Amino acid sequence: MKYSIDHKSPIPLHIQTEMLLRDIIAEEEYKNGKTLPNEVELAKQLAISRTTLRQAINKLVFEGLLIRKKRTGTKVSQAAVSSKSNNWLSFSQEMKLRGIIIKNFELHVTWVFPDDALANFFEIKTDRKILKMERVRGKPNEPFVYFASYFHPRVGLTGDEDFKKPLYEMLEHDHSVIATLSKEEISAKAADTFIATKLKIAVGSPVLFRKRFVFDQGERPIEFNLGYYKADSFVYTVESSR
């Protein structure tokens, strides 16, 4: 079958390619195990680079919709029909899947100079301002998490975005930045005065501390996120399979 995308469309080529791939893998023959078209041939047919095609494929591989194997090609994952709750999601998406209604108690957006750790992570100089977003979120009757997110200037955020939307959906739809990789560090801490005030708990109370390092499809850093969760209001579950 011949496939095509619109090179005159304002929609980025990798987004169009991703949409096309979603249509392809929904076809009965591919759901039944047929290997997707050869990357070289498909890129040539669509008149795009293999890098652009791989960017779209990697997005679907990350979502668990596709499986890529050396020498055998790319196929539709048989697990694609199951719940994606074990995939990496934004906080809003996580809570929605759990059926938890979330309230934003605070939302602040500022421009700050990065410290050495942030500058090193983003590979920028400390005299270049970055956007910082702080949020206190929780159930309607109580806050249970404080977030501080820092974004690479390359993302193109202005500070006027609607940060009430799911973050990674907003980045993809409004800035064509696709968050595809998250690396995390999780530890326990005692709440200092600042965190205790934000979460309305006593100083010294236990909190779950999560660092999240987020990268785009080119494995370039886009977000550095710090999260402080009330210990009695949140359980962090990791599911592994072998």
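The numbers here are math on the coordinates, done by the rules we state, and not lab data. Please read these numbers as outputs of a predicted model, since none were measured by experiment. No Cβ is skipped: glycine too gets one built from the backbone with ideal geometry, and neighbour counts run over all protein chains shown.
Between their Cα atoms, which of Lys139/Lys165; Lys59/Lys230; Lys59/Lys164 are more than 21 Å away from each other?
Over 21 Å apart, Cα to Cα: Lys59/Lys230; Lys59/Lys164.
Net charge near Gly227: determine it from the other residues with C-beta under 9 Å of the C-beta of Gly227, scoring Lys and Arg +1 and Asp and Glu -1.
Its environment carries a net charge of +3.
Measure out, as a whole number of angstrom, how far apart the alpha-carbon centroids of the stretch 4-52 and the stretch 165-209 sit.
What the calculation gives is 35 Å, centre to centre.
To the nearest 0.05, how large is the calculated FRET efficiency for Lys183 and Thr158 if R₀ is 22 Å and r is the Cβ-Cβ distance?
0.25
Pull up the cross-link candidates among the lysines for Lys125, meaning alpha carbon to alpha carbon under 29 Å and not fewer than 8 places away within one chain.
The qualifying lysines are Lys183, Lys211.
Using all C-alpha to C-alpha distances in the stretch 13-81, build P(r) with 10 Å bins and read off the rounded percent in each one.
Bins of 10 Å from zero give 22, 60, 18, 0 percent of pairs.
I need the fraction of alpha carbon pairs in the chain separated by more than 25 Å, rounded to a whole percent.
52 percent
First select every other residue whose beta carbon is under 11 angstrom from the beta carbon of Glu106; then total the charges, Lys and Arg +1, Asp and Glu -1.
So the surrounding residues net to +3.
For every helix of n ≥ 4 consecutive DSSP H residues, a contribution of -39,500 (n - 2.57) applies; sum these over the chain, divide by its total residues, and give [θ] at 222 nm rounded to the nearest 500 deg cm²/dmol.
Here the helix-only value at 222 nm equals -8000 deg cm²/dmol.
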